[in-house]
Amino acid sequence: MTTTSTTDTADTTDTTDTTADSTAVLTGMYAAEAAYLAAGGPGQASFAPLAPCFAPDVVLHQAAALPYGGTWRGHAGLERFFLAMSRVWESFDMTEQEFLATGATAVVHTRVRARARATGRELTFPILQTITVRDGRIAEVRPFYWNTAAIADVCAVRPTAG
């Protein structure tokens, strides 16, 4: 976090490095998320280990074109989001992850390999997320998908020939 204080005689800038803090928050959250999903995820595992990673008023923005699109608010919203995701994806593996920028707003590039529950089809795709960290917790997440149409297509139930 950078704060600037101005007086009549001089400007002073106090720069506190938040890079380590946001990196620790994000790596902690990804580890907690992996443990949550490994324990059965929504409906089976407790969200409690993940909750401290997120601000109580966290906001997650998902692209409207996705089967789980919309804005998800607060811890209860995140729990509903994870439930919606688990209904769509049989598996959702983050195979590669790179922190492109860290600080109060982090940028994370993730490569995902997922299998749709409805169709059994697999898709590998990138997600670029901007993640705002405030007071040691994730306050906002904005994932950007390269191709929401491909994701929606893989998740769509195909009519069967009769």
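The values are calculated or read from the model by the stated rules, or taken from the named source; none is laboratory data. Source: prediction; values computed, not measured. All Cβ positions, even for glycine, are placed from backbone atoms using ideal geometry, and neighbour counts span all protein chains on display. Keep in mind that these areas ignore ligands, DNA and RNA; they rest on the heavy atoms of the full protein, side chains included. Shrake-Rupley method; radii C 1.70, N 1.55, O 1.52, S 1.80 Å.
Within the stretch 138-152, if we keep just the residues that are open to solvent by 80 Å² or more (accessible area, probe 1.4 Å) and not in a loop (DSSP other than H, G, I, E, B), the residue that is farthest from H61 (Cα to Cα) turns out to be F144.
Annotation note: Cβ proximity below 6 Å between a residue of the stretch 120-131 that is part of a strand (DSSP E or B) and a residue that is among the basic types (K, R) and surrounded by 13 or more Cβ atoms within 10 Å (Cβ to Cβ) (sequence gap 6+ or interchain) occurs for E122/R115; T124/R113; P126/R111; T130/R142.
Inspect the stretch 52-62 for any residue being outside any loop (DSSP other than H, G, I, E, B) and without any contact (Cβ under 8 Å) to a residue 60 or more places away in the chain and give the result as yes or no. Yes; the residues of the stretch 52-62 include at least one that is outside any loop (DSSP other than H, G, I, E, B) and without any contact (Cβ under 8 Å) to a residue 60 or more places away in the chain. Selection over the stretch 35-51 of residues that are loosely packed, with under 13 Cβ neighbours inside 10 Å and either in contact (Cβ under 8 Å) with a residue 24 or more places away in the chain or outside any helix (DSSP H, G or I) (or both) gives a count of 6.
Report yes if some residue within the stretch 112-119 is touching a residue at least 60 places away in the same chain (Cβ under 8 Å) and among the hydroxyl-bearing types (S, T, Y); otherwise report no. Within the stretch 112-119, not a single residue is touching a residue at least 60 places away in the same chain (Cβ under 8 Å) and among the hydroxyl-bearing types (S, T, Y).
Among the candidates P67, P49, P126, P56, the residue that is more than 13 Å from the chain's Cα centre (by Cα) and modelled with pLDDT of 95 or more is uniquely P56.
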